[in-house]
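J.: What follows is a single structure, and I will ask about it in a moment.
The values are calculated or read from the model by the stated rules, or taken from the named source; none is laboratory data. A quick note: this is a predicted structure, and the numbers were derived from the prediction, not measured. Glycine gets a Cβ as well: all are built from the backbone with ideal geometry, and neighbour counts include every protein chain shown.
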2 protein chains.
Amino acid sequence: MNTNRIVHTDIEIANNADMKKIAEIAASLGLSEQDWEPYGKYKAKLSLGVLDRLKDKPNGKVILVTSINPTPAGEGKSTVTVGLGQALNKIGKKAIVALREPSLGPTMGIKGGASGGGYAQVMPMEDINLHFTGDIHAITAANNALAALIDNHIFQGNQCEIDPRKIVWKRVVDLNDRALRNIVIGLGGEKQGVPREDGFNITVASEIMAILCLAKNLDDMRERLAKVVIGYKTNGKAVTVGDLQVEGALTLLLKEAIMPNLVQTLENTPAIIHGGPFANIAHGCNSVIATKMASKLSDYVVTEAGFGADLGAEKFFHIKARLGDINPDAVVIVATIRALKMHGGVTSEALSVENIAGLADGMKNLEKHMETIDAFGVPYVIAINKFITDTEAEVAYVQKWCEERKVEVALTEVWEHGGEGGLSLANTIVEILDQQTSNFKPLYALDDTIEQKITTIAQKVYGADGVNFTDHAREQIDAFHANGWSNLPICMAKTQYSLSDDSALLGRPEGFTIMVKEMRASIGAGFLVALTGDVLTMPGLPKEPAALKMDVDQNGNAIGLF
Amino acid sequence: MNTNRIVHTDIEIANNADMKKIAEIAASLGLSEQDWEPYGKYKAKLSLGVLDRLKDKPNGKVILVTSINPTPAGEGKSTVTVGLGQALNKIGKKAIVALREPSLGPTMGIKGGASGGGYAQVMPMEDINLHFTGDIHAITAANNALAALIDNHIFQGNQCEIDPRKIVWKRVVDLNDRALRNIVIGLGGEKQGVPREDGFNITVASEIMAILCLAKNLDDMRERLAKVVIGYKTNGKAVTVGDLQVEGALTLLLKEAIMPNLVQTLENTPAIIHGGPFANIAHGCNSVIATKMASKLSDYVVTEAGFGADLGAEKFFHIKARLGDINPDAVVIVATIRALKMHGGVTSEALSVENIAGLADGMKNLEKHMETIDAFGVPYVIAINKFITDTEAEVAYVQKWCEERKVEVALTEVWEHGGEGGLSLANTIVEILDQQTSNFKPLYALDDTIEQKITTIAQKVYGADGVNFTDHAREQIDAFHANGWSNLPICMAKTQYSLSDDSALLGRPEGFTIMVKEMRASIGAGFLVALTGDVLTMPGLPKEPAALKMDVDQNGNAIGLF
């Protein structure tokens, strides 16, 4: 590697990209003018009619990109996803990348953007990281319209007998705004509303985001919206959106947002970016509609799920694939040498120094995730996402480790070289898909009890001895059961940094139990959330937010998106 | 009039419209592909580069549509504006309609939509009434990003020494949500922020909306954003966005929103819809950029201003035209027989019954507005916006009244007949523009004192004897003066229903004074607000919100937008 080369920032690379008109990308997928609407010259919304028209066409292969338990900097899943899509096209395959939409809050706070990186980015990165096609704004509007309608319902006589102390529906902003976490609303006297405790979440934590991502079509979305539980009556009975008769209005507000967005990568590989639910209190995957549409429009869909395989892949399999009737054909487990060493006990300051012993000890984290994917019956490949600080000996160690276990492994350098850097991974995944068949099966059945389902995940995916429930969580489970909600899949909210529920336990912890502290019912989305710790659904801004460096230059281009 | 005819709703008419592709509309204005970006097939954003390219081209004539003091149902200014644009094109003139963007809050609440009516509507009305091209969402995001950055600044050590009790910057949602009028934020302990009183406004009341509408270009917008006063230090000194160094980030969030939106009317007349500030605490006009661009792209621009001439036209002249360097060439004063009778003392129940005496008595309201437009030196025409209940005798009375005073008058039936119903108005306005020259001049100078400026408006526009100020308002005026803000124009916040500050005083009140209760400083927008009463900057929802009837039909079309 030439260490004297000039390193360009993501936005510099993006600004120099040679984008094709979106009409050309759409035509390359066989889409006609009726199938899409332009949003600027380089973005389009795809009509849901495409799914109907192509319903008898065989599905392309679905490749899920997941990772080991990451470092706080992340393992580069999005970058590998984009790079693999580019590489597949480079070797003559028809592939689409299917990603999540970034949230504005983290962009203005710490991240400065989230659309892959280096030479494996989706374009136009400025738009994607700011307002994009307005999907998240539409979700914000729908979420807050519902909140306004709830408080107005109470103010106007409260016909549904909603207990103001038991409202679970929160307002949202697509920003990091800690001052809105806990608030009191409705102050100022009898003409201003009914005072009650409330709080804001970040928009991507809204159940409406999860619904949009799991809905099969517009009618299914309306039905799911109607089932959303917004709170409880004084007698404990659930009150739904359907009780308030506003599922139609919410559907109207979301009718464009439900259409997937077509863009392209730096190498003009088609990319569908749609939906982006939280990966803790929601399932962390892009939309079912986008993934299905991509699989109708290409031979290979490369998609990802939030956090490591213990959360992202587990939820992709148990929630998205099951509810959305998607067959996962292969998995890519992304690992970095740095994170593996971290799991081997190397401190963050020493990660840049060669340490084969630490690396060897950290392989056990990867090993557990391999066992998990095996348990789901899906073939996989390990992708080593190479960093400049990785030494040849370290890379060779991981490759040899995999070879000894007859596990496919590929070195990827897509950040630095784009699709060219992912050719080995692309060839390996095509070989796997040609030679191995996915025997995907969920690890638990929907009619298992709520406790059984959680215990299965904890034991088979996390490697826990078992699960403990707080009295509060047990009471909630009993209430959920009484409400007839037992048959839903589980959405685990757990730290991403450890296989356990203790973020400090790296590597492959053993002899631990999981503690479920609280349950939440996302009946519209169609899952029950089990919280194993405090989940922050409204992030805060750092002392020096990324916003301080943002601006527009003389040519109208963004400054300060990394 | 055939009373057996089938009356179609606005949305039925809209759904049957024969729209041209926006590319065709853009080409008809001489715009090249570089000049615009498509947002769907029927909407486009126009590049600010168009203004630079055409800066030496002579301006088309600017026609302002205003009205007498309206009934609660409104006088139909938007409908007349659209209809006049259509009629001008019908008689072979090149005309563009320049309107404000509707807010989602009232659409979900009472109005169900605001984009003209009948056969004088802008299209696609669904999109325009819902998310449109995302401008208002972008303003919401920028407004709330600033709020989050303010609270984060305080949380992280408060280097600017902002007094949490003196923050004037409020958060916004583009919804009617009374429960958010008065809230307490930052609760939950020291990790969650600093508790303080706060409240939400509706987005269109945000100073950022006013700034977007008054900015000349991107750099001017950034400068105005930097000047926004967000609050005060404990020592009373103002703290600005520039002090927080986030004007760049806000500019970045608004860089698409500042681009005007091109659409069309039902008769394919080009329409530019851009910006929509409140007409009380802001100036209630569409953007300067849109009006200027329209005047470069056509020979006639038809635009409107919120509320009656005492508020809308006065602010159009004193704020928008003066700051934006726009010359108003002619004015249309819209009046309905119903409202004139109301000003003559007829009760709302009896408005549908012929009443010449009541009508005659109500003409004095119109007469005052005529005098006002005369005082500004701009030629005008009265447009009688005809209703089904108006009798021939009533219409004849108004026409004769105008003829006796040698005032141009035209009957318009654009709601029922589209451009065809506005031919008389179009011909009259063209005649006026050919034969009369506008000698537009403001009624006050910017270097008059704040009290003088307010008094001039009250006396010359409202017909008041004078102005009283509360002690609080006087103290604020002194503070504004000390801050060096005396040289800004005044934005009056007053009831729209009366020439006075008492909504019950209809007709042409005499012997009254105006009471200024409070002042607000919109330094970024560039005006000082004088409040003469309680101004509701966050509306509430009615008992049966329009949202209850909204949905999407099987063809994906909106239901429940009127």
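J.: Of all the residues that make up region A:33-54, how many are more than 13 Å from every other protein chain (Cβ to nearest Cβ) and without any contact (Cβ under 8 Å) to a residue 24 or more places away in the chain?
T.: 1
J.: Considering only region A:501-542, give the strands (runs of 3 or more DSSP E) lying wholly within it that have at least 1 residues that are without any contact (Cβ under 8 Å) to a residue 60 or more places away in the chain and not aromatic (Phe, Trp, Tyr).
T.: A:513-516, A:518-522
J.: Something else: In region A:158-170, is there at least one residue being at positive phi and outside any helix (DSSP H, G or I)?
T.: yes
J.: Give the residues of region A:187-206 that are assigned to a loop (DSSP other than H, G, I, E, B) and more than 9 Å from chain B (Cβ to nearest Cβ), sorted by residue number.
T.: Answer for region A:187-206, where residues must be assigned to a loop (DSSP other than H, G, I, E, B) and more than 9 Å from chain B (Cβ to nearest Cβ): A:Glu190, A:Ser206.
J.: One residue is enough: does region B:293-310 have a residue meeting the conditions closer than 23 Å to B:Phe132 by Cα, among the acidic types (Asp, Glu) and touching a strand residue (DSSP E or B) at 6+ places or on another chain (Cβ under 9 Å)?
T.: Yes; the residues of region B:293-310 include at least one that is closer than 23 Å to B:Phe132 by Cα, among the acidic types (Asp, Glu) and touching a strand residue (DSSP E or B) at 6+ places or on another chain (Cβ under 9 Å).
J.: Starting from residues that are among the β-branched types (Val, Ile, Thr) and within 25 Å of B:Lys364 (Cα to Cα), keep the ones in region B:445-498 and report whichever is surrounded by the fewest Cβ atoms within 10 Å (Cβ to Cβ).
T.: If we take residues in region B:445-498 being among the β-branched types (Val, Ile, Thr) and within 25 Å of B:Lys364 (Cα to Cα), then B:Thr456 is surrounded by the fewest Cβ atoms within 10 Å (Cβ to Cβ).
J.: Kindly list, by first and then second residue, each pair from a residue in region A:185-201 that is within 15 Å of B:Asn201 (Cα to Cα) to a residue that is surrounded by fewer than 19 Cβ atoms within 10 Å (Cβ to Cβ) and hydrophobic (A, V, I, L, M, F, W, C), limited to pairs with Cβ atoms under 7 Å and residues at least 6 apart or on different chains.
T.: Here the result reads A:Gly186/A:Val194; A:Leu187/B:Val184, each pair linking region A:185-201 to a residue that is surrounded by fewer than 19 Cβ atoms within 10 Å (Cβ to Cβ) and hydrophobic (A, V, I, L, M, F, W, C).
J.: Of the residues A:Arg171, A:Arg165, which single one is more than 16 Å from B:Arg196 (Cα to Cα), in contact with a helix residue (DSSP H, G or I) (Cβ under 7 Å, 6 or more places away or on another chain), at pLDDT 95 or above and more than 7 Å from chain B (Cβ to nearest Cβ)?
T.: None of the others qualify; the one that does is A:Arg171.
J.: Which condition number does A:Val246 fail, the rest of (1) surrounded by 24 or more Cβ atoms within 10 Å (Cβ to Cβ); (2) in contact with a strand residue (DSSP E or B) (Cβ under 7 Å, 6 or more places away or on another chain); (3) within 14 Å of chain B (Cβ to nearest Cβ); (4) more than 30 Å from A:Gln86 (Cβ to Cβ) being met?
T.: Here A:Val246 meets the rest and fails (2).
J.: Here's something else I'd like to know. Considering only residues that are over 16 Å from B:Ala546 (Cβ atoms) and either touching a residue at least 60 places away in the same chain (Cβ under 8 Å) or crowded, with 23+ Cβ neighbours inside 10 Å (or both), look in region A:147-162 and name the one that is farthest from the other protein chains (Cβ to nearest Cβ).
T.: Per the criteria, the residue is A:Glu161.
J.: Now for a separate question. Go through the residues of region A:96-103 one by one and say whether even a single one is without any contact (Cβ under 8 Å) to a residue 24 or more places away in the chain and either touching a Ser or Thr at 6+ places or on another chain (Cβ under 8 Å) or away from chain B (no Cβ under 14 Å) (or both).
T.: For region A:96-103, residues without any contact (Cβ under 8 Å) to a residue 24 or more places away in the chain and either touching a Ser or Thr at 6+ places or on another chain (Cβ under 8 Å) or away from chain B (no Cβ under 14 Å) (or both): absent.
J.: State yes or no: is A:Val184 in contact with a strand residue (DSSP E or B) (Cβ under 7 Å, 6 or more places away or on another chain), at the interface with another protein chain (Cβ under 10 Å from one of its Cβ atoms) and among the β-branched types (Val, Ile, Thr)?
T.: yes
J.: Residue under question is A:Asp534, and the condition is that it be among the charged types (D, E, K, R) and within 14 Å of chain B (Cβ to nearest Cβ); does it hold?
T.: So A:Asp534 fits the description; yes.
J.: Then there is this: Any residue that is surrounded by fewer than 17 Cβ atoms within 10 Å (Cβ to Cβ) and among the small types (Gly, Ala, Ser) - is there at least one of those in region A:50-71?
T.: no
J.: Check whether at least one residue in region A:278-292 is over 30 Å from A:Lys21 (Cα atoms), within 14 Å of chain B (Cβ to nearest Cβ) and among the small types (Gly, Ala, Ser), and report yes or no.
T.: Looking for residues that are over 30 Å from A:Lys21 (Cα atoms), within 14 Å of chain B (Cβ to nearest Cβ) and among the small types (Gly, Ala, Ser), one finds none in region A:278-292, hence no.
J.: Here's another thing I want to ask about it. Test of understanding: among B:Ala257, B:Ala279, which residue is of a type in the set (A, V, I, L, M), touching a Gly at 6+ places or on another chain (Cβ under 8 Å), under 22 Å from B:Asp127 (Cα atoms) and in contact (Cβ under 8 Å) with a residue 24 or more places away in the chain?
T.: Just a single option satisfies the conditions, and that option is B:Ala257.
J.: Related question: Applying the selection to region A:4-54, what residues are under 24 Å from the mean Cα position of the chain (by Cα) and modelled with pLDDT under 95?
T.: Hits for region A:4-54 are A:Asp10, A:Ile11, A:Ala14.
J.: Does region A:528-537 hold any residues that are buried (at least 18 other Cβ atoms within 10 Å of the Cβ) and either at pLDDT below 95 or touching a His at 6+ places or on another chain (Cβ under 7 Å) (or both), and which are they?
T.: Answer for region A:528-537, where residues must be buried (at least 18 other Cβ atoms within 10 Å of the Cβ) and either at pLDDT below 95 or touching a His at 6+ places or on another chain (Cβ under 7 Å) (or both): just A:Thr537.
J.: Take region B:434-453 and flag every residue that is over 24 Å from the mean Cα position of the chain (by Cα) and part of a loop (DSSP other than H, G, I, E, B).
T.: Selection gives B:Gln436, B:Thr437, B:Asp447, B:Asp448, B:Thr449.
J.: For the condition farther than 20 Å from A:His131 by Cβ, within 14 Å of another protein chain (Cβ to nearest Cβ) and of a type in the set (Ser, Thr, Tyr), what is the one hit in A:Thr251, A:Thr269, A:Thr265?
T.: Just a single option satisfies the conditions, and that option is A:Thr251.
J.: While we're on this one: B:Asn144: at the interface with chain A (Cβ under 7 Å from one of its Cβ atoms) and surrounded by 21 or more Cβ atoms within 10 Å (Cβ to Cβ), yes or no?
T.: For B:Asn144, the condition - at the interface with chain A (Cβ under 7 Å from one of its Cβ atoms) and surrounded by 21 or more Cβ atoms within 10 Å (Cβ to Cβ) - is met.
J.: Give region B:527-546 a look and list any residue that's in contact with a helix residue (DSSP H, G or I) (Cβ under 7 Å, 6 or more places away or on another chain) and of a type in the set (Ser, Thr, Tyr), or say none.
T.: B:Thr537
J.: Got a number for residues in region A:190-234 being at pLDDT below 95 and among the acidic types (Asp, Glu)?
T.: 1
J.: Could you please find all residues in region B:550-561 being in contact (Cβ under 8 Å) with a residue 24 or more places away in the chain and crowded, with 16+ Cβ neighbours inside 10 Å?
T.: B:Met550, B:Ala558, B:Gly560, B:Leu561
J.: Step by step: first the residues of region B:207-231, then only those that are more than 11 Å from every other protein chain (Cβ to nearest Cβ) and acidic (Asp, Glu), then the one that is farthest from the chain's Cα centre (by Cα). Which residue is that?
T.: B:Glu223
J.: Aliphatic (A, V, I, L, M), more than 30 Å from B:Leu262 (Cβ to Cβ) and within 11 Å of chain A (Cβ to nearest Cβ) - does that describe any residue in region B:118-137?
T.: Among the residues of region B:118-137, not one is aliphatic (A, V, I, L, M), more than 30 Å from B:Leu262 (Cβ to Cβ) and within 11 Å of chain A (Cβ to nearest Cβ), which makes the answer no.
The rows are residues; the columns are (1) surrounded by fewer than 24 Cβ atoms within 10 Å (Cβ to Cβ); (2) within 16 Å of the chain's Cα centre (by Cα); (3) β-branched (Val, Ile, Thr).
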{"residue": "B:Leu250", "(1), (2), (3)": "no, no, no"}
{"residue": "B:Ala271", "(1), (2), (3)": "no, yes, no"}
{"residue": "B:His274", "(1), (2), (3)": "no, yes, no"}
{"residue": "B:Cys285", "(1), (2), (3)": "no, yes, no"}
{"residue": "B:Ile319", "(1), (2), (3)": "no, yes, yes"}
{"residue": "B:Ala339", "(1), (2), (3)": "no, no, no"}
{"residue": "B:Met342", "(1), (2), (3)": "no, no, no"}
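J.: Determine, yes or no, whether B:Lys341 is in contact with a helix residue (DSSP H, G or I) (Cβ under 9 Å, 6 or more places away or on another chain), under 14 Å from B:Thr71 (Cα atoms) and of a type outside the set (Asp, Glu).
T.: yes
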